[in-house]
Amino acid sequence: MTRIDSTTAPTSATDAVTVHAAGVAEGSWWRDAVIYQVYPRSFADANGDGVGDLPGITAHLDHLVELGVDALWLSPFYRSPQKDAGYDVADYRDVDPLFGTLDDFDVLLEAAHARGVRVVVDLVPNHTSDQHVWFQAALAADEGSPERGRYLFREGRGTGGEEPPNNWQSIFGGPAWTRTTRADGTPGQWYLHLFDSSQPDLDWSNPEVRSEFEDVLRFWLDRGVDGFRVDVAHGMVKADGLPDWDGHVAMVDGADGTDGTDGTDAVNGSGNSGPMFDQDGVHEIYRAWRRILDSYDGDRAMVAEAWVEPLSRLARYVRADEMHQAFNFSFLVAGWDAARLRGVVEASFRANDAVGAPTTWVLSNHDVVRHASRLGLAEPEHRPNGLFASDPQPDAELGLRRARAASLLMLGLPGSSYVYQGEELGLPDHTSLDDAVRQDPAFFRTGGAEAGRDGCRIPMPWEADAPAYGFSPDGAAWLPQPASYAAHAADVERATPGSTFDLYRTALRVRKAEHLGTGDLTWLGVFAHDPHVVALRNRDVVVLANLGGAAVTLPAGAEILVASGELTQDAGATAVPSDTTVWYRA
Ligand code: TEU
């Protein structure tokens with residue numbers, strides 16, 4: 001058992017990480033905001049078609065107010081054939097009938113604002129749907145036409161052009177090129193799609209593409225949104241000539257986000273360093289967008305979804321004249337390892353301090369196995385793209401215990417945190433979905449080798465005893481919910497002291513009262529190299545996560561503010577058991 005007392009817990013100056021955030025105006029809402037991701041198709045279904053919708057979100061806003069979040073980020077609800085769950089946009093200025101109408105959006109925005117909750121919408125600029133008028137016009141137009149010039153059409157290689165223009169692979173599996181057919185039935189040019197073939201990539205060297213998206217930004221800013229989450233923000237600009245690349249196009253997997261200079265693992269550079277990612281030219285786009293946002297009142301903000309490492313490269317997206325935030329996926333992939341977590345936290349602050357930006361933290365979203373399941377896997381640092389029923393199943397109890405501890409660690413860090421719908425209920429993934437109901441294009445494009453992301457996109461359980469756990473009025477649900485969701489239903493959790501909802505609600509209240517989001521960080525020296533404990537001081541609060549097997553005894557008189565699990569007693573002193581995080585004042 002490790003014991004902390006005043007003699008063994010020095011906090012030397014070298015352990016302090018000052019969070020400068022020099023580029024942030026005093027009082028900027030996003031600097032320390034807790035932002036809740038709503039995945040509209042799975043949040044709440046008001047009209048009974050089995051797919052969530054905007055009126056469903058409006059009807060459940062009080063859940064979010066009770067939770068205490070500052071803002072919502074809505075995944076795409078725009079007109080779309082839904083080939084990639086709305087990340088294939090056919091009309092950037094309209095709501096898909098599946099989700100409601102523009103009026104429904106205005107009602108939601110007003111209702112959120114009336115409750116003091118900001119609203120961030122998703123912008124998908126790397127690609128459109130193949131049903132977008134631009135792409136339809138491009139297919140109908142001649143090779144070399146201005147219509148084709150908005151996308152990346154190229155001649156094939158080989159004598160008859162039968163080979164793709166380069167060797168790039170789609171992130172969802174298979175080639176990143178699809179060949180078109182001419183009006184006369186003969187094969188024509190190829191077009192690039194980093195994702196599904198229904199998601200053709202735009203050519204961002206074309207000024208018309210730039211001005212169109214600037215106009216889309218204004219459309220939503222004029223409606224009153226508080227900001228944008230920018231999809232694939234690292235992918236819009238491709239290297240000149242679209243050169244071949246033998247790397248593997250994938251999400252970062254198992255890297256630790258540091259730049260390798262602090263003694264931890266070097267960067268896993270295979271993921272996103274290819275000619276389609278993180279090109280220098282992308283930053284000029286964000287500078288132009290920043291000027292537009294700054295021309296509006298109300299402190300509008302942008303967050304980059306950029307799977308970029310090391311963190312010093314990611315920090316370039318949050319330079320003072322670019323984005324406000326970038327998702328810290330290095331934290332998400334750090335697994336459940338004290339040294340790695342400390343390394344990522346420290347590297348994050350150092351990288352962002354260098355550009356005067358605050359940090360963000362995230363553990364789950366609609367693209368990854370939820371952390372309540374991920375941290376229950378035998379190797380939590382390895383992040384499969386979904387799970388099959390035939391895979392080794394996560395330990396649900398261990399996963400939830402660790403997830404609660406991980407969340408309380410995250411929420412105790414200075415900066416802004418993202419919470420994915422359902423994590424406040426401790427939801428696991430559906431890890432045994434029938435393949436017949438899967439919808440993620442990644443499942444199909446990998447020929448079933450990857451399960452894909454459906455398991456983390458299961459409709460929310462609102463009421464334990466209602467059909468579809470209250471997701472829809474008559475029990476319809478676009479994906480089946482596992483039986484385990486009954487115990488996690490919001491009505492049960494809201495009323496149960498010590499539930500995961502109760503933990504998040506308490507943590508958010510204390511976080512706000514103690515101003516932890518704008519604090520600084522000092523590592524507790526006694527644990528600075530501990531293989532099992534992450535312990536830091538943020539303002540007057542100590543955040544201590546015990547990832548090891550043995551309990552950690554707290555100093556006498558420690559005033560417990562919130563704990564992710566039951567604490568124990570050790571000779572009259574409070575002790576933190578395995579896989580538990582505590583906030584205390586000492
Ligand atoms: O994700 C971008 C991205 O890199 C991830 O999609 C990741 O590679 C993928 O989830 C691996 O399975 C964004 C969105 O978050 C995602 O939902 C979209 O499918 C994708 O862009 C295309 O728009």
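Axis of helix 500-513 versus longest Cα principal axis of the chain: the two differ by about 80°, to the nearest ten degrees. Taken about its Cα centre, segment 133-192 carries a charge dipole of about 160 debye when Lys and Arg each add +1 at the Cβ and Asp and Glu each add -1 at the Cβ.
I'd like the carbon and sulfur percentage of the solvent accessible area for segment 133-192, probe radius 1.4 Å, heavy atoms only, ligands and nucleic acids excluded.
Working: 1540 of 2920 Å².
C and S fraction of accessible area: 53 percent.
Inter-part distance, segment 192-221 to segment 373-411, computed on C-alpha centroids, equals 35 Å. Extension gain, HIS382 to ARG115: 0.36 nm times the residue separation minus the Cα-Cα distance gives 92.2 nm.
Between PHE219 and SER484, the simple spin-label model (points 7 angstrom out along Cα→Cβ) gives 4.1 nm. Give me the distance between the Cα centres of segment 520-586 and segment 82-143, rounded to whole Å. Distance between centres, Cα-based: 45 Å. Dipole magnitude for segment 1-153: about 420 debye, using +1 per Lys or Arg Cβ and -1 per Asp or Glu Cβ, origin at the Cα centre.
How tilted is helix 338-353 with respect to the longest principal axis of the chain? Cα atoms for both, answer in degrees (0 to 90, nearest 10). That works out to roughly 60 degrees. Placing a label point 7 Å from the Cα of VAL437 along the Cα-to-Cβ direction, the residues of segment 353-390 whose backbone N falls under 20 Å of that point are 366-374, 385-390. Summing Cβ point charges (Lys, Arg +1; Asp, Glu -1) relative to the Cα centre of the chain gives a dipole of roughly 1020 debye.
Using Cα pairs closer than 8 Å and at least 6 residues apart in sequence, work out the relative contact order for segment 464-586, in percent.
It comes to 17 percent, rounded to a whole number.
Over the chain, with a single point scatterer placed on each C-alpha, what log10 of the ratio I(q)/I(0) does the Debye formula yield at q = 0.06, 0.07 1/Å? Values, matching the q order: -0.30, -0.40. Between the beta carbons of ALA556 and ALA495, assuming R0 = 45 Å, the FRET efficiency works out to 0.85 to the nearest 0.05. In the full protein context, the chain carries 35 Å² of accessible surface per residue, based on a 1.4 Å probe and ignoring ligands, DNA and RNA. Between ARG539 and ASP321, the modelled label-to-label distance comes to 3.4 nm, taking each label 7 Å out from Cα in the direction of the beta carbon.
Each of ALA114, ALA16, TYR87 was scored by the projection of its Cα onto the charge dipole of the chain, and the greatest displacement toward the positive side belongs to ALA16; charges sit on the C-beta of Lys, Arg, Asp and Glu. Counting heavy atoms of the protein chains alone, VAL117 has an accessible area of about 10 Å² for a 1.4 Å probe. The packing ranking, built from the mean of other Cβ atoms within 10 Å per residue, places the peptides 418-428, 49-59, 88-98 in the order 418-428, 49-59, 88-98, highest first. Sequence-distant contacts, meaning Cα pairs under 8 Å at least 6 residues apart, place the relative contact order of segment 133-192 at 28 percent.
Of the heavy-atom accessible surface of segment 10-87 (probe 1.4 angstrom), what whole percent is carbon and sulfur?
C and S fraction of accessible area: 50 percent.
Spatially, segment 454-497 and segment 144-186 are offset by 44 Å when compared through their Cα centroids. Working from Cα pairs under 8 Å separated by at least six residues, relative contact order for the chain is 16 percent. Ordering ASN206, PRO76, HIS63 by the projection of their Cα atoms onto the charge dipole of the chain, which places +1 on the Cβ of Lys and Arg and -1 on the Cβ of Asp and Glu, puts HIS63 at the extreme positive end. In this label model, GLN569 and ASP106 are separated by 6.2 nm, measuring between points 7 Å along each Cα→Cβ vector.
Between helix 282-294 and the chain there is an angle of about 70 degrees, using the helix long axis and the longest principal axis of the Cα atoms. If you take every DSSP beta bridge whose two residues both sit in the chain, what share of them, in percent to the nearest 5, is antiparallel? Of all bridge pairs located within the chain, approximately 55 percent are antiparallel.
One chain, two ends: SER205 and ARG287. Fully extended at 0.36 nm per residue, the span grows by 28.0 nm beyond their Cα-Cα distance. From most to least packed by mean Cβ count within 10 Å, the peptides 453-459, 101-107, 180-186, 516-522 give 453-459, 516-522, 101-107, 180-186.
The values are calculated or read from the model by the stated rules, or taken from the named source; none is laboratory data. Only a predicted model underlies this, so the values are computations on that prediction, with no experimental measurement involved. Glycine gets a Cβ as well: all are built from the backbone with ideal geometry, and neighbour counts include every protein chain shown. The accessibility values were calculated without ligands, DNA or RNA, using every heavy atom of the protein model including side chains. Shrake-Rupley method; radii C 1.70, N 1.55, O 1.52, S 1.80 Å.
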